[in-house]
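A.B. asks: Can you keep this structure in mind? I'll have questions shortly.
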Amino acid sequence: MRVLLSLVGSLHSALYRATGGRIGGSMKNAPVLLLTTKGRKTGKMRTTPLLYGRDGDNLVLVASVGGAPRNPAWYHNLQQGQKAEVQIGRERFRVQARVVEGEERERLWAQMVELWPDYAEYQRKTTRRIPVVVLQPR
């Protein structure tokens, strides 16, 4: 399953980049960005297409993996204090990530569930608290 997800993600990313997001730039009316992080174990650059929301100038991500028992690799890569790159359409820029907690997390979680209602179901499927990540442009 992991290999299949990796192949689908790679194809999605390639189509997104080739078309500037015209293909792969949204899913069921929710916007999609490409997040590129440096692998914490391999040191290789990894690109992942992800749904995102906005909070002012910041971008909001949910580390759901569809309610899997573990957080996604991109989340762990950001945990290591690594900076990342985002592509939205044809625009690319660097970001700094932070995991949000407390009232900020609750507010942004509600916003993201409104954007993608399946997030609520993903949370019910897992025992972990699904992280909410804010990406701040640098």
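The values are calculated or read from the model by the stated rules, or taken from the named source; none is laboratory data. Keep in mind it's a predicted model, so treat the numbers as computed, not measured. Cβ sites come from the backbone with ideal geometry, for glycine too, and all protein chains shown count toward neighbours.
A.B. asks: Taking the condition out of contact with any Leu (no Cβ under 9 Å at 6 or more places or on another chain), surrounded by 13 or more Cβ atoms within 10 Å (Cβ to Cβ), more than 19 Å from residue 116 (Cα to Cα) and among the hydrophobic types (A, V, I, L, M, F, W, C), does residue 18 pass? Break it down stepwise before answering.
C.D. replies: Working: out of contact with any Leu (no Cβ under 9 Å at 6 or more places or on another chain): yes; surrounded by 13 or more Cβ atoms within 10 Å (Cβ to Cβ): no; more than 19 Å from residue 116 (Cα to Cα): yes; among the hydrophobic types (A, V, I, L, M, F, W, C): yes.
Spelling it out, it is not the case that residue 18 is out of contact with any Leu (no Cβ under 9 Å at 6 or more places or on another chain), surrounded by 13 or more Cβ atoms within 10 Å (Cβ to Cβ), more than 19 Å from residue 116 (Cα to Cα) and among the hydrophobic types (A, V, I, L, M, F, W, C).
A.B. asks: From the residues in the stretch 1-30 that are farther than 19 Å from residue 91 by Cα and of a type in the set (D, E, K, R), which one is modelled with the highest pLDDT?
C.D. replies: Only one residue fits best here, namely 28.
A.B. asks: Of all residues in the stretch 71-88, which are touching a helix residue (DSSP H, G or I) at 6+ places or on another chain (Cβ under 9 Å) and assigned to a loop (DSSP other than H, G, I, E, B)?
C.D. replies: 71, 72
A.B. asks: Exactly one of these conditions fails for residue 111: (1) in a strand (DSSP E or B); (2) in contact with a Gly (Cβ under 7 Å, 6 or more places away or on another chain); (3) more than 19 Å from residue 9 (Cα to Cα). Give me its number.
C.D. replies: Single failed check for residue 111: (1).
A.B. asks: Consider residue 66 carefully, then state whether it is closer than 23 Å to residue 110 by Cα, in contact (Cβ under 8 Å) with a residue 60 or more places away in the chain and within 15 Å of the chain's Cα centre (by Cα).
C.D. replies: Details: closer than 23 Å to residue 110 by Cα: yes; in contact (Cβ under 8 Å) with a residue 60 or more places away in the chain: no; within 15 Å of the chain's Cα centre (by Cα): yes.
In short, no.
A.B. asks: Among the residues of the stretch 32-63 satisfying the criterion of being small (Gly, Ala, Ser) and free of Cβ contacts under 8 Å to residues at least 60 places away in the same chain, which is surrounded by the most Cβ atoms within 10 Å (Cβ to Cβ)?
C.D. replies: 39
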